[in-house]
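The values are calculated or read from the model by the stated rules, or taken from the named source; none is laboratory data. Owing to the predicted nature of the structure, the values given are computational and were not obtained by experimental measurement. Neighbour counts run over all protein chains shown; Cβ positions are idealised from the backbone, glycine included.
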Amino acid sequence: MLPRISAQRQVPSLSEEFHQKQSDCEDASHWAPLWLGVYLPRLALEVFGLTDERRPAAVVTGDQQGRSLLHAVSASAMKQGVIPGMTLTSAYALCPTLAVEIRDLKKEQQALNKLAELGLAFTSWVSLDFPEALLLEVRGSLALFGSLENLTAKLRETLCTKGHRICCAAAPAPLASWLLARSGRECRILIHEQLRSVLGTLSTELLDIDRDIHDRLRKTGVSCLRDLWRLPRDGLARRYGTRLLILLDQAAGYRATPLRRFHAPPRFDAVIELPEETDRLARLVPAVEMLIARLASFLIERDAAVAEFDLILVHREGAPTRLRQGARRPTRDHVHLMRLLQERLDCLRLPGPVCAVRLFSSAIMPWTPVAADLFVERSADPVEWQQLLDHLQTRLGTGALRYLSARPDHRPEYARQWTMQPQASVPVWTVLRPVWLLPAPRALSPGELSAIFPEAERIESGWWDGAAIRRDYHRAVDRRGAKLWIYRNSESPAQWYLHGLFG
């Protein structure tokens, strides 16, 4: 008789159940996003070159009441009692030698853009949505760098060589990593379950909310995030708005944080090494044509155009020869670009043999096709006209072709100026004025004029800059039939002056 086999369910012990849950969490966190927050606490000072900690310096910004408040302060100024948030007058009372600069958000954004381009060497996902910080999703880069510590060390070395001081923190939620880095706590959190316990001690001042809400929270005794999480959610929403609850959920990882991905501006950079050195320009033309063709393909693939590029001829000895070529209108026509370069190459004298040819351009912008009418025949193609102007400018020089544009001044001498770009809107004069003006008005004798038209334009202006005029302008005809633009001063009405010529 066979023995009875009892099929009983194996119940795990408490320790086994704990380790199993911990293992499941680690497996889930292995594939979850991991955000590395890089905060730059001295960015406002660093963009002005105020990196010497021995020099008391500060950057000020304005508030809604029109006061000048300190935004960032150097270590030397903090030793003298100057702190961020202090008014400028109070700071001067504590530190009379304080060097002050007005905060420049444009410079800060440019610096962040350059750092974000460096961050793309560590991950393909970089965001600049948080103030004075970079946010990098580094989960997929850990295998390449070996560990999070190695990646953070290399990133710190790269950014610090650019003259920036940084603070790094890693967390599975992007807002949590920014809050930790902004607080100065360089730690790493790998699973969501640890977020609330670690973030609970952070000050509510770190949250990006209105100053009025910060003051109200401080008056009620709320000083850290743990205090907010202990309060009823419906009460928080009624008193402080739903945005505060959204930020708390995003910090704890309960709600996704929408982020914009940073994309580096496109650049074209290609090099062709010559089989042998040459000092004959004719032998360089095939290599230049190949680079121009690559540039055109690069632009067509991205639906872009180029406004300026550099042709660099590399010599084995000495500095390279650089030719910067621009176009009046962004283009991607390789035939037109090659013709422009050919004009420059025909007049070029090489200082020595060339061993390589390089083409570089960062002035790449979206392609805008020229609008054409399907049914109306035009006398001249606007694209061909712009290409003709490009050839003339390349042959005659950069400043040879200029546009005549108007200025907001009634005096004819100051009412126009030469510019490199056409003016968007040209003012319409109520009276007829000539296009051609003399460099300086010329006195006329009575015998030179055969007729003066009675219609007059009085110009009385310029009293504020020391060049006041009071003139009456008329149209006239001289003895040879030329149409003139003449005037006489109110002080001497008998003397006529020639100022312009009509076509």
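So the values come out like this:
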read-out	value
Any pair with Cβ under 8 angstrom, 6 or more apart, that starts in the stretch 482-503 at a residue that is farther than 19 Å from Pro454 by Cβ and ends at one that is buried (at least 20 other Cβ atoms within 10 Å of the Cβ)	Leu501/Leu484; Leu501/Trp485
Condition met for Ser124 (more than 30 Å from Arg218 (Cα to Cα), modelled with pLDDT under 90 and small (Gly, Ala, Ser))	yes
Residues that are assigned to a strand (DSSP E or B), within 46 Å of the chain's Cα centre (by Cα) and among the β-branched types (Val, Ile, Thr), drawn from the stretch 432-459	Ile459
Candidate set: the stretch 149-163, residues that are β-branched (Val, Ile, Thr) and assigned to a helix (DSSP H, G or I); chosen: the one farthest from Ala32 (Cα to Cα)	Thr158
Residue count for the stretch 114-143, restricted to those that are among the polar types (S, T, N, Q), loosely packed, with under 15 Cβ neighbours inside 10 Å and touching a residue at least 60 places away in the same chain (Cβ under 8 Å)	0
Residue satisfying condition, being surrounded by 13 or more Cβ atoms within 10 Å (Cβ to Cβ) and more than 25 Å from Arg185 (Cβ to Cβ), within set Arg226, Arg239	Arg239
Positions within the stretch 447-503 being more than 20 Å from Trp436 (Cβ to Cβ) and of a type in the set (Phe, Trp, Tyr), in sequence order	Trp463, Trp464
Tabulated pairs, the stretch 183-201, first free of Cβ contacts under 8 Å to residues at least 40 places away in the same chain, second crowded, with 17+ Cβ neighbours inside 10 Å and not hydrophobic (A, V, I, L, M, F, W, C), C-beta under 7 angstrom, 6+ apart or interchain	Ile189/Pro172
Leu195, sole failed condition from (1) aliphatic (A, V, I, L, M); (2) modelled with pLDDT under 90; (3) under 18 Å from Leu40 (Cα atoms)	(3)
Residue in the stretch 405-413 that is among the acidic types (Asp, Glu) and either at pLDDT 85 or above or in a strand (DSSP E or B) (or both) present	no
Residue among Arg230, Arg280 that alone is free of Cβ contacts under 8 Å to residues at least 12 places away in the same chain and in the same structural domain as Pro353 (by TED's automatic domain parsing)	Arg280
Candidate set from the stretch 256-277 (those that are loosely packed, with under 15 Cβ neighbours inside 10 Å and more than 29 Å from the chain's Cα centre (by Cα)); member that is nearest to Leu179 (Cα to Cα)	Glu273
Selection count where residues are surrounded by fewer than 19 Cβ atoms within 10 Å (Cβ to Cβ) and in contact (Cβ under 8 Å) with a residue 60 or more places away in the chain, scope the stretch 296-310	3
Residue within the stretch 139-148 that is touching a Phe, Trp or Tyr at 6+ places or on another chain (Cβ under 8 Å), within 28 Å of Leu115 (Cβ to Cβ) and either among the aliphatic types (A, V, I, L, M) or not in a helix (DSSP H, G or I) (or both) present	no
Matching residues, the stretch 460-503, being part of a loop (DSSP other than H, G, I, E, B) and within 14 Å of Pro441 (Cα to Cα)	Gln495
Scope the stretch 293-336; condition in contact with a Gly (Cβ under 8 Å, 6 or more places away or on another chain) and closer than 16 Å to Asp279 by Cα; matching residues	His315, Arg316, Glu317, Gly318
Enumeration of residues in the stretch 54-109 that are touching a residue at least 40 places away in the same chain (Cβ under 8 Å), outside any loop (DSSP other than H, G, I, E, B) and within 23 Å of the chain's Cα centre (by Cα)	Val59, Val60, Thr61, Glu101, Ile102, Lys107, Glu108
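Residue-wise test of (1) modelled with pLDDT of 90 or more; (2) basic (Lys, Arg); (3) over 30 Å from Glu308 (Cα atoms).
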{"position": "Ile209", "(1), (2), (3)": "no, no, yes"}
{"position": "Gly221", "(1), (2), (3)": "no, no, yes"}
{"position": "Pro265", "(1), (2), (3)": "no, no, no"}
{"position": "Val271", "(1), (2), (3)": "yes, no, no"}
{"position": "Leu281", "(1), (2), (3)": "no, no, no"}
